[in-house]
Amino acid sequence: MFFDIGPLELVAIVVLAVLIFGPDKLPKVIQDVTGFIRKVRAFSDNAKEDIRNELGPEFKDFEFEDLKPRNFVRKHVLEKDEYGLRKLAELREGFDLKKEMAEVTDAVRDSTAPRSASGAPAASAGGAPLSLSKESPAASTGRPDMFTKSTDPSRREPPPFDADAT
């Protein structure tokens, strides 16, 4: 209400006003300031009324607070919901990215796993996908194989070191 002025700041302003204007002139200054504020409010109300009269009868329910973007969106978009934004928000809240990514990863792994004669994915005794050749399919393309897990921990290579990135 007071432009985010706390009680301590208000007391400091009053003390400064008493020191600057003195106790004998302070009531007159307060009266002049309140009169000025009343005149500004009256001028503002008259200007708003003139604008409403000039706009015509189709804008009789026009509110100047609607010119603030937050109020405009709240009144004309969110309350009426002509564009289905509430349904869109519900869809967005119901979307679980981790679950969707897990489903996609499972589908990719199933599609890259070799198939047995029955059409089911072939698996070894340990549960890992079987490879038909000694060399992984990624080795022939020159890319790392992101879907098979290395069983030998001693063959694990450290990640590449980039001196410029550190």
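When the range 67-126 is filtered for residues that are more than 30 Å from LYS48 (Cβ to Cβ), part of a helix (DSSP H, G or I), open to solvent by less than 100 Å² (accessible area, probe 1.4 Å) and modelled with pLDDT of 70 or more, the ones remaining, listed by number, are GLY94, GLU100, ALA102, GLU103, VAL104, THR105, ASP106, ALA107, VAL108, ASP110, SER111, THR112.
Out of the residues in the range 30-62 meeting the condition of being modelled with pLDDT under 80 and surrounded by 11 or more Cβ atoms within 10 Å (Cβ to Cβ), tell me which one is farthest from the chain's Cα centre (by Cα). Restricting to residues being modelled with pLDDT under 80 and surrounded by 11 or more Cβ atoms within 10 Å (Cβ to Cβ), the top hit is PHE59. Do the conditions hold for ASP145, that is, is it assigned to a loop (DSSP other than H, G, I, E, B) and either at pLDDT 65 or above or in contact with a Cys (Cβ under 7 Å, 6 or more places away or on another chain) (or both)? Answer is yes for this residue.
The values are calculated or read from the model by the stated rules, or taken from the named source; none is laboratory data. Keep in mind that this is a model prediction, so the values were computed, not measured. Cβ atoms come from the backbone with ideal geometry, glycine included; neighbour counts cover every protein chain shown. To get the accessible areas, we keep the full protein, side chains included, count just its heavy atoms, and leave off ligands, DNA and RNA. Shrake-Rupley method; radii C 1.70, N 1.55, O 1.52, S 1.80 Å.
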